[in-house]
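Everything on this sheet refers to the single structure shown next.
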Amino acid sequence: MSFEIFIFYVFSAILVFAASRVITVRNPVFAAMFLVLTFFTCAGIWMLLEAEFLAITLVLVYVGAVMVLFLFVVMMLDINVEPLREGFVSYLPVGLLVGAIMLIEMVILVTRNFKSEQFPAPARADEGYSNTEALGQLLYSKYLFQFEVAAVILLVAIVAAIALTMRRRPDTKYQTPSEQINVTKSDRLRVVQMPSEKQ
Amino acid sequence: MIDTILLLITTILKIVAILLPLIISVAYLTLAERKVIGSMQVRIGPNRVGWKGLGQPFADMFKLMTKEVIIPSNSSRFLFLTAPILSLAPALAAWAVMPFADGLVLADVNAGLLYILAMTSLGVYGVIIAGWASNSKYAFLGAMRSAAQIVAYEIAMGFALIGVLMVAGSLNLGDIVRAQSGGFFSWFLIPLLPLAVVYFISGVAETNRAPFDVAEGESEIVAGFHVDYSGMAFAVFFLAEYANMIMIAALTSVMFLGGWLSPIDGFGDGIHWFLIKTAFCLFLFLWFRATFPRYRYDQIMRLGWKIFIPVTIVWIAVIGFAIYFEIGPWFQVRA
């Protein structure tokens, strides 16, 4: 067993353990932290595949941004787990059915289309090969149209999310810094001349 | 097998050779901070321990090491003790790709810039987890402020770096420095001045330093996320903050000030220039702290979202335009 395979198995074991803890641990904050660990080890496995761009982007986007917001929300909500468990038994048959269907679908896909002879191990790229550069070349030439469509869809999603959550409150007080800077002495100060009352 | 072990040993030695000077720099940065701010406020600063106070960092360190680490009741013990490590580890790991001089780098990674961005974005976990695990309102408020602030400024920071990689044509930090060769006027500081300013200020915000230190805000939330930490646990947070400061200063000097390159083309390039530029950026950190009052929270958000992000987007468009029409000596795409 080579060193690489050994590392792969270590990472996979951590990955499976962390992923299973995400759904079994009781405290939602711990669940979120286990999800972070899952993403991190997944990035490690991608790194073994020499997909350094995807691996670092996974850490950057999911661990660095998405999970921070997740944690933010999970910590703010005071989630009480007990009421969530009440309907567990009544929903169990439906859940099992959905799970079984998904399992069957996965088994069909994996056993028919993903045999190892159909996917030979990829040749190791030589030293000067840059994964990032290759990805960029493909994205901005061959798949330019799809890339742009995806960008527009994401933009629409951002606009929609902001439009849905933005509430205009007419009574909100806020400052306008440009007006504050452009204030002159005459706007704020009134000099009153008055005689002194007592000698 | 022997080769693997030798490689492992040399790599560990290199890591020690980076970390040891870094930790000593952190220790003396704390002294420099107190001395610099002291002289800006016409005080002497610490001068009791050792010659002119040079032993002060060690006195501080021994004091913190001998203090008891108190774990608050009803806190999450595991996460409470993990949080300082979570904030220190990314601050140290990011140094792996830092080019100190031509070829003097631990890991010459092609996606170095992305790696740095990923590592600096992980530092926020230490703060959030510390705030939550302490089971205290003040700590939690500090953590929430810090999370919102870091998420806001990371976008501006990422956009500023996009400008750098557009002009340099590479994600490798060594190549970015080499793209700036040719004297002071070839440094990215001049063609990318708005991005350099945005990057450095975002860096100050990202490290929770004054004037963006609302996460600590002594006047309203005591010390923010680390209010319940004491002894070594607190010292580790302190170490992480200063390591991050040095990190941001070093990155600014690598990406905008030409790293190890001398201001006069080909005249004495070397690690000393990298160190001088980093020290200058660190001085700016201290200068900011002595000069500016703390921003209010809504002002921080306004600066991040409404000013920095539009500025960077406009400047990225300008760079794209200049590269496309090959305007100016700085914007020729380097093959």
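The values are calculated or read from the model by the stated rules, or taken from the named source; none is laboratory data. From a predicted model like this one, the values you see are computed outputs, not experimental measurements. Cβ: placed from backbone, ideal geometry, glycine included. Neighbour counts: every protein chain shown. Note: areas computed on protein heavy atoms with side chains; ligands, DNA, RNA excluded. Shrake-Rupley method; radii C 1.70, N 1.55, O 1.52, S 1.80 Å.
Name the residue that is farthest from B:V69 (Cα to Cα), counting only residues in the stretch B:134-151 that are open to solvent by 40 Å² or more (accessible area, probe 1.4 Å) and out of contact with any helix residue (DSSP H, G or I) (no Cβ under 6 Å at 6 or more places or on another chain). Give the steps one after another, and end with the answer.
Of the residues in the stretch B:134-151, the ones open to solvent by 40 Å² or more (accessible area, probe 1.4 Å) are B:135, B:137-138, B:140-141, B:145.
Those still in the list that are out of contact with any helix residue (DSSP H, G or I) (no Cβ under 6 Å at 6 or more places or on another chain) too: B:135, B:137, B:145.
Numbers: B:N135: 16, B:K137: 20, B:R145: 25 Å.
That would be B:R145.
In the list A:A134, A:A125, which residue meets the criterion of being open to solvent by less than 80 Å² (accessible area, probe 1.4 Å), of a type in the set (G, A, S), more than 26 Å from B:L303 (Cβ to Cβ) and touching a residue at least 60 places away in the same chain (Cβ under 8 Å)?
Working: A:A134 fails: touching a residue at least 60 places away in the same chain (Cβ under 8 Å).
Answer to the selection: A:A125.
Could you tell me whether the stretch B:145-160 includes any residue that is of a type in the set (K, R) and within 13 Å of chain A (Cβ to nearest Cβ)?
To start, the set of residues in the stretch B:145-160 that are of a type in the set (K, R) comprises B:145.
Of the ones still in play, those that are also within 13 Å of chain A (Cβ to nearest Cβ) are B:145.
Taking every residue of the stretch B:145-160 in turn, at least one turns out to be of a type in the set (K, R) and within 13 Å of chain A (Cβ to nearest Cβ).
If I filter the stretch A:43-62 for residues that are away from chain B (no Cβ under 14 Å), without any contact (Cβ under 8 Å) to a residue 40 or more places away in the chain and either surrounded by fewer than 10 Cβ atoms within 10 Å (Cβ to Cβ) or not in a loop (DSSP other than H, G, I, E, B) (or both), do I get at least one hit?
The answer is yes, given that some residue of the stretch A:43-62 is away from chain B (no Cβ under 14 Å), without any contact (Cβ under 8 Å) to a residue 40 or more places away in the chain and either surrounded by fewer than 10 Cβ atoms within 10 Å (Cβ to Cβ) or not in a loop (DSSP other than H, G, I, E, B) (or both).
Consider A:D187 carefully, then state whether it is open to solvent by 100 Å² or more (accessible area, probe 1.4 Å), of a type outside the set (F, W, Y) and modelled with pLDDT under 80.
Details: open to solvent by 100 Å² or more (accessible area, probe 1.4 Å): yes; of a type outside the set (F, W, Y): yes; modelled with pLDDT under 80: no.
Answer is no for this residue.
Can you go through B:W287, B:W273, B:W305 and tell me which one is in contact (Cβ under 8 Å) with a residue 12 or more places away in the chain and either within 25 Å of B:S39 (Cβ to Cβ) or outside any helix (DSSP H, G or I) (or both)?
Details: B:W273 fails: either within 25 Å of B:S39 (Cβ to Cβ) or outside any helix (DSSP H, G or I) (or both); B:W305 fails: either within 25 Å of B:S39 (Cβ to Cβ) or outside any helix (DSSP H, G or I) (or both).
After ruling out the rest, the residue left standing is B:W287.
Any chance you could count how many residues in the stretch B:44-80 are of a type in the set (A, V, I, L, M, F, W, C) and either within 14 Å of chain A (Cβ to nearest Cβ) or touching a strand residue (DSSP E or B) at 6+ places or on another chain (Cβ under 6 Å) (or both)? If you could, list the steps in order and put the result at the bottom.
Within the stretch B:44-80, the subset of a type in the set (A, V, I, L, M, F, W, C) is B:44, B:49, B:51, B:54, B:58-59, B:61-62, B:64-65, B:69-71, B:78-80.
The next check asks that each one be either within 14 Å of chain A (Cβ to nearest Cβ) or touching a strand residue (DSSP E or B) at 6+ places or on another chain (Cβ under 6 Å) (or both); those that pass are B:78-80.
Residues meeting the conditions: 3.
Check the stretch A:21-42 and report whether any residue there is of a type in the set (D, E, K, R), within 13 Å of chain B (Cβ to nearest Cβ) and at positive phi.
No, the conditions are met nowhere in the stretch A:21-42.
Specify the residue that is nearest to the other protein chains (Cβ to nearest Cβ); the eligible residues are those in the stretch A:63-72 that are touching a Ser or Thr at 6+ places or on another chain (Cβ under 9 Å) and crowded, with 21+ Cβ neighbours inside 10 Å. Write out each step before concluding.
As a first pass, look at the stretch A:63-72 and keep what is touching a Ser or Thr at 6+ places or on another chain (Cβ under 9 Å): A:63-65, A:68.
With the extra rule that they be crowded, with 21+ Cβ neighbours inside 10 Å, the set shrinks to A:63-64, A:68.
On the way: A:V63: 6, A:G64: 3, A:V68: 6 Å.
Per the stated criteria, the residue is A:G64.
Taking the condition modelled with pLDDT of 85 or more and either in contact with a helix residue (DSSP H, G or I) (Cβ under 8 Å, 6 or more places away or on another chain) or open to solvent by 80 Å² or more (accessible area, probe 1.4 Å) (or both), does A:I101 pass? Give the derivation first.
Details: modelled with pLDDT of 85 or more: yes; either in contact with a helix residue (DSSP H, G or I) (Cβ under 8 Å, 6 or more places away or on another chain) or open to solvent by 80 Å² or more (accessible area, probe 1.4 Å) (or both): yes.
Yes: the conditions hold for A:I101.
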